[in-house]
Amino acid sequence: DPWGLPLRERLRALAIGKRRVAYFYEQPNNSTFRYRAYNMAQVLNDTQRFNISAAYFFMDDLQHVDHLADLADLLVVCRSGYCHRLNDLIMKFKRQNKRVLFDVDDLVFNPDFVHLIIATLGQNADNAAVWDYWYAYTGRMSAALRLCDRVITTNNYLAQKIAVYSDLPVTIVPNFINREQLNLSERLFYKKEASEFARDGKIHLGYFSGSPSHDLDFEIIRSALETILDNDPRIELVVAGYVDSDALRVRFGKRISHRRFLDFVNLQRLVGSVEFNLMPLQSNVFTHCKSELKYFEAAIAGTLSIASPSYTYASAIRDGDNGYIARGHQWASIIRRAIENIDQYQEMATAAFIDARTKYAWFNQRKIILNALGFE
């Protein structure tokens, strides 16, 4: 992981600029931390022309650095729950009249939505520990959010939910493609372009689960996949992540391949190896708050997406132009439509690539981030 830097190097990076931004996340991971802290710091540190520097810090770091508020001008708390250590960190900034922002990328700060979260994730509602976990999680998130001065989030739909709940000002910085992803993905796309998107005679569908608890989303397309696989011997399915594909593999054998886990760069290789990236999503308030990252990470690798019409997917995808939109009952017919339009694939994939690079490449995010931080 490129973010595995020693604390002293991160402190050194923070100290370079005249205006210094400290991002806090409880511990590094391949999901929220990468998008909302690592990627942000990468953009801010790209050039010193703006004389701004940034670094990210974790809960364990606070045992060794008790003067972070002296070093940084601004603190961004990324999706972290309240505890005495985080409260102490925030108060140190506030005592110096320094701003503290809260960055959250999901509807996980309002306990009123716990029932919906548990149902959407397919968790065991008869297990009291599940309720204890989610009420504690959202309650601690709410307490941390309310200590902050402003909020940053990923899209307008989620921003409205935050504003109503917290009465705090909210600005938007979308999730975006970092330098490592972009460098590899552009190579994948240009290689496809040079070959005029040559194929091997098969048509590869992909479902890429970024986190556990997506079985209910996958169930939306399971029947459609069985129908398509039964009727078209060219179809092969690639599944990555935590979804249970055992029954499909028993039924269709080698036409189904499953990769359990990949790092975020090598996942781009796998996404780029399929023609169609399948993005089924249940339709409710919780899922409408999700980011469009699965769309743009496929598009930048030259892969078209077929997606449920969630708020962000429907906003990003122009049906028949840079991808396809499928409602719950339409998945089999839309997949068939995409296959029948395979001659238009290069034109559509190019449109999706241009869209993703223009809107979501890391080098186009600086002004948006500076504005959200109040530096514009």
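The values are calculated or read from the model by the stated rules, or taken from the named source; none is laboratory data. Quick caveat: nothing in here was measured; it's all calculated off a predicted structure. Cβ atoms come from the backbone with ideal geometry, glycine included; neighbour counts cover every protein chain shown. What goes into the accessible areas is simple: the full protein's heavy atoms, side chains included, and nothing from ligands, DNA or RNA. Shrake-Rupley method; radii C 1.70, N 1.55, O 1.52, S 1.80 Å.
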In the stretch 254-289, the residues that are touching a residue at least 60 places away in the same chain (Cβ under 8 Å), under 17 Å from the mean Cα position of the chain (by Cα), assigned to a loop (DSSP other than H, G, I, E, B) and surrounded by fewer than 24 Cβ atoms within 10 Å (Cβ to Cβ): ASP263, PRO280, LEU281, GLN282
Residue identified as of a type in the set (Val, Ile, Thr), part of a loop (DSSP other than H, G, I, E, B) and either more than 26 Å from ALA338 (Cβ to Cβ) or open to solvent by less than 60 Å² (accessible area, probe 1.4 Å) (or both) among VAL108, VAL151, VAL130, VAL114: VAL108
Pairs with Cβ under 6 Å, 6+ apart, first in the stretch 196-214 and over 21 Å from ARG255 (Cβ atoms), second modelled with pLDDT under 75 and of a type outside the set (Phe, Trp, Tyr): none
Give me a count of the residues in the stretch 170-208 that are open to solvent by less than 10 Å² (accessible area, probe 1.4 Å), more than 19 Å from ASN39 (Cα to Cα) and touching a strand residue (DSSP E or B) at 6+ places or on another chain (Cβ under 9 Å). 4
Checking the conditions here, which among ARG8, ARG34, ARG12 is closer than 22 Å to ASN371 by Cβ, charged (D, E, K, R) and modelled with pLDDT of 95 or more? ARG34
Test: LEU75 is over 27 Å from the mean Cα position of the chain (by Cα), open to solvent by less than 10 Å² (accessible area, probe 1.4 Å), of a type outside the set (Asp, Glu) and modelled with pLDDT of 95 or more: no
Subset of the stretch 290-305, residues open to solvent by 10 Å² or more (accessible area, probe 1.4 Å) and more than 17 Å from LYS192 (Cα to Cα), comes to LYS290, SER291, GLU292, LEU293, LYS294
Which of the residues belonging to the stretch 42-82 are part of a helix (DSSP H, G or I) and in contact with a Lys or Arg (Cβ under 9 Å, 6 or more places away or on another chain)? GLN42, VAL43, LEU44, MET59, ASP61, LEU62, GLN63, LEU68, ALA69, ASP70, LEU71
The residue that is farthest from SER291 (Cα to Cα), considering only those in the stretch 154-177 that are in a helix (DSSP H, G or I) and of a type in the set (A, V, I, L, M, F, W, C), is VAL164
Restricting attention to the stretch 5-34, and to residues there that are out of contact with any strand residue (DSSP E or B) (no Cβ under 9 Å at 6 or more places or on another chain) and assigned to a helix (DSSP H, G or I), which single residue is farthest from PHE296 (Cα to Cα)? ARG8
Only one of ARG49, ARG36, ARG12, ARG19 that is of a type in the set (Lys, Arg) and crowded, with 22+ Cβ neighbours inside 10 Å: ARG36
Please verify whether ASP200 is within 24 Å of ARG337 (Cβ to Cβ), assigned to a loop (DSSP other than H, G, I, E, B) and at pLDDT below 95, treating the condition exactly as stated. yes
Which of the residues spanning the stretch 211-249 are touching an Asp or Glu at 6+ places or on another chain (Cβ under 8 Å), farther than 18 Å from LYS290 by Cα and part of a helix (DSSP H, G or I)? LEU248
ALA41 fails exactly one of (1) in contact with a helix residue (DSSP H, G or I) (Cβ under 7 Å, 6 or more places away or on another chain); (2) among the small types (Gly, Ala, Ser); (3) within 30 Å of SER310 (Cβ to Cβ); (4) open to solvent by less than 10 Å² (accessible area, probe 1.4 Å), namely (1)
Can you tell me which residue in the stretch 360-376 is most open to solvent (accessible area, probe 1.4 Å), limited to those that are charged (D, E, K, R) and in contact with a helix residue (DSSP H, G or I) (Cβ under 7 Å, 6 or more places away or on another chain)? GLU376
